[in-house]
Amino acid sequence: MQTAAVSTSAPPARLEEIFRVAYGGLPHLCAQAPGRVNLIGEHTDYNDGFVLPCAIGFRTWVAARARTDTQVRVVAADFDAQQDVFELTAPIAKHPAFGWANYVRGVVHEMRRHVDLPHGINLAIAGDVPRGAGLSSSASLEVALAQALKQAYGLEDLCGSDLAGIAQRAENDFVGCNCGIMDQMVSACAIASHAMLLDCRSLQTRAVPMDPGLGVVVVHSGVNRGLVDSAYNARRAQCESAAQALGVVALRDADPAMLERAGDALDPVVLRRARHVISENVRTVEAAECLWRGDVRGLGRRMQASHCSMRDDFEITVPAIDQLVMIAEEAIAGEGGARMTGGGFGGCVVAVLPRARIPRLCESIDRHYRSPMGKQATIHVCEAVHGAGPC
Ligand code: GLA
């Protein structure tokens with residue numbers, strides 16, 4: 001069985017090392033932001049709905065030191081020490097080659113629209129959020145950068161949701177993925193030992209305590225999420241056309257009766273997409289109540305229904321993930337739940353269950369699951385950690 005350790009919040013030694021090699025001397029500050037796992041509420045955020053994620057102990061760290069000129073210099077420890085350089089005094093364009101650099105450029109660009117960045121900065125980045133796993137490595141990078149800039153430029157007025165908004169716009173406008181606000185909000189604002197019920201319209205949050213007897217297990221299927229931005233953007237467009245057809249601002253405002261009344265007037269695919277979002281919103285609020293009350297069976301039923309809805313109506317699961325969820329559900333035997341987590345098309349399954357049942361879950365996955373490439377799943381037993389901050 002492959003189980004992987006989840007990091008502490010201390011920055012890895014390679015961060016300081018790569019900073020020293022790139023710039024000479026030590027950084028003056030360090031910021032971190034975690035990845036996340038979503039317990040329930042998938043593809044509801046950009047429909048102004050509800051989500052229930054928690055931050056987990058995989059992180060991105062950014063080390064920084066002010067420059068006396070107006071250049072931004074960045075080195076990426078996890079991309080062969082690739083470097084990027086751009087000017088704060090000129091328009092910031094996309095990087096012609098490095099995907100990772102566009103997250104940096106996007107965040108600096110967005111930050112600069114809000115506040116004055118009077119001098120340049122040297123940055124080094126390292127992280128351990130698995131990429132392509134649906135655990136929000138991108139949001140963790142964006143929010144860690146925004147947090148580092150906040151510290152470096154003394155922007156104390158910017159609160160967590162401001163940083164999340166800057167990070168999201170960087171991804172929407174600069175990277176080109178029309179993601180919602182969930183990942184950035186939980187990375188910026190999570191509270192340790194709690195899940196976050198987030199109303200994605202008002203950005204109101206409610207911290208839902210995680211019973212210490214419950215474990216959150218994240219299982220990587222070994223199927224990486226490929227080039228999924230286009231499928232994601234297509235789902236979003238279908239949801240928007242459903243809202244328009246139903247005459248509501250967003251699917252958050254629709255209910256099953258409206259959907260039934262619209263009936264044949266809706267394209268059948270669009271109808272299924274809308275049915276997922278409308279039912280998922282209800283399940284998410286109910287699941288938060290279950291978690292609050294310690295009703296793990298009730299939570300499990302909502303997670304199971306969520307997975308079926310993602311599989312049949314939103315059509316974002318893949319066969320290996322469906323199989324992994326079935327194996328997990330059998331081992332959990334109703335004392336919790338399992339479902340695919342994140343944007344879809346591969347990545348991870350999340351399970352919530354009594355800690356005492358975790359060994360049985362691990363054994364069962366070990367015995368019965370192989371990815372299409374014959375790989376075993378990687379299992380992470382996670383804790384709900386705090387959001388972004390200095391490190
Ligand atoms: C990705 C996006 C989020 C959200 C999820 C699906 O993680 O970044 O905004 O839409 O997919 O729930």
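Summary table below
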| read-out | value |
| --- | --- |
| Asp128 being closer than 27 Å to Asn281 by Cα, more than 11 Å from the ligand (Cβ to nearest atom), among the charged types (D, E, K, R) and under 16 Å from the mean Cα position of the chain (by Cα) | no |
| Filter result (within 14 Å of the ligand (Cβ to nearest atom) and crowded, with 23+ Cβ neighbours inside 10 Å) within the range 164-178 | Ala164, Ala167, Gln168, Ala170, Glu171 |
| Among the candidates Val216, Val208, Val248, residue that is more than 28 Å from Ile321 (Cα to Cα) and either outside any helix (DSSP H, G or I) or within 19 Å of the chain's Cα centre (by Cα) (or both) | Val248 |
| The listed residue being assigned to a helix (DSSP H, G or I), at pLDDT 95 or above and within 14 Å of the ligand (Cβ to nearest atom), out of Ala242, Ala237, Ala231 | Ala237 |
| Candidate set: the range 245-261, residues that are acidic (Asp, Glu) and free of Cβ contacts under 8 Å to residues at least 40 places away in the same chain; chosen: the one nearest to the ligand (Cβ to nearest atom) | Asp255 |
| Sole exception among (1) outside any helix (DSSP H, G or I); (2) in the same structural domain as Ala351 (by TED's automatic domain parsing); (3) crowded, with 18+ Cβ neighbours inside 10 Å for Leu197, by number | (2) |
| Any hit, the range 146-158, residues being within 16 Å of the ligand (Cβ to nearest atom), modelled with pLDDT of 95 or more and not β-branched (Val, Ile, Thr) | yes |
| Single unsatisfied condition, Arg225 versus (1) within 13 Å of the ligand (Cβ to nearest atom); (2) closer than 25 Å to Thr378 by Cα; (3) assigned by TED's automatic domain parsing to the domain that holds Glu42 | (3) |
| Subset of the range 46-69 (residues that are of a type in the set (S, T, N, Q) and surrounded by 15 or more Cβ atoms within 10 Å (Cβ to Cβ)) | Asn47, Thr60 |
| Hits in the range 39-70 - residues which are away from the ligand (no atom under 16 Å from the Cβ) and within 12 Å of the chain's Cα centre (by Cα) | Arg59 |
| Residue within the range 369-384 that is in contact (Cβ under 8 Å) with a residue 12 or more places away in the chain, hydroxyl-bearing (Ser, Thr, Tyr), under 13 Å from Val217 (Cβ atoms) and out of contact with any strand residue (DSSP E or B) (no Cβ under 9 Å at 6 or more places or on another chain) present | no |
| Among residues of the range 179-212, those that are more than 16 Å from the ligand (Cβ to nearest atom), out of contact with any Ser or Thr (no Cβ under 7 Å at 6 or more places or on another chain) and either of a type in the set (Asp, Glu) or over 20 Å from Phe58 (Cβ atoms) (or both), counted | 7 |
| Conditions (1) buried (at least 24 other Cβ atoms within 10 Å of the Cβ); (2) in contact with an Asp or Glu (Cβ under 6 Å, 6 or more places away or on another chain): number failed by Leu141 | (2) |
| Which listed residue is surrounded by fewer than 24 Cβ atoms within 10 Å (Cβ to Cβ) and among the hydrophobic types (A, V, I, L, M, F, W, C), from Ala338, Ala351, Ala331 | Ala331 |
| Evaluation of Val282 against (1) within 16 Å of the ligand (Cβ to nearest atom); (2) modelled with pLDDT under 95 (one fails), failing number | (2) |
| The one condition in (1) surrounded by 15 or more Cβ atoms within 10 Å (Cβ to Cβ); (2) within 24 Å of Val277 (Cβ to Cβ) that Asp312 fails to fulfil | (1) |
| Of the criteria (1) under 30 Å from Arg283 (Cβ atoms); (2) among the small types (Gly, Ala, Ser); (3) surrounded by fewer than 20 Cβ atoms within 10 Å (Cβ to Cβ), which one Ala22 fails | (1) |
| Single residue of Arg14, Arg105, Arg73, Arg20 found to be touching a Lys or Arg at 6+ places or on another chain (Cβ under 8 Å), basic (Lys, Arg) and either modelled with pLDDT under 95 or more than 25 Å from Ile181 (Cα to Cα) (or both) | Arg73 |
| Single residue of the range 279-297 satisfying the filter (under 18 Å from Asn38 (Cβ atoms) and without any contact (Cβ under 8 Å) to a residue 60 or more places away in the chain) that is surrounded by the most Cβ atoms within 10 Å (Cβ to Cβ) | Cys290 |
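The values are calculated or read from the model by the stated rules, or taken from the named source; none is laboratory data. The model shown is predicted, which means the values in this text are computed figures rather than measured ones. Ideal geometry is used to build each Cβ from the backbone, glycine not excepted, and the neighbour counts take in all protein chains shown.
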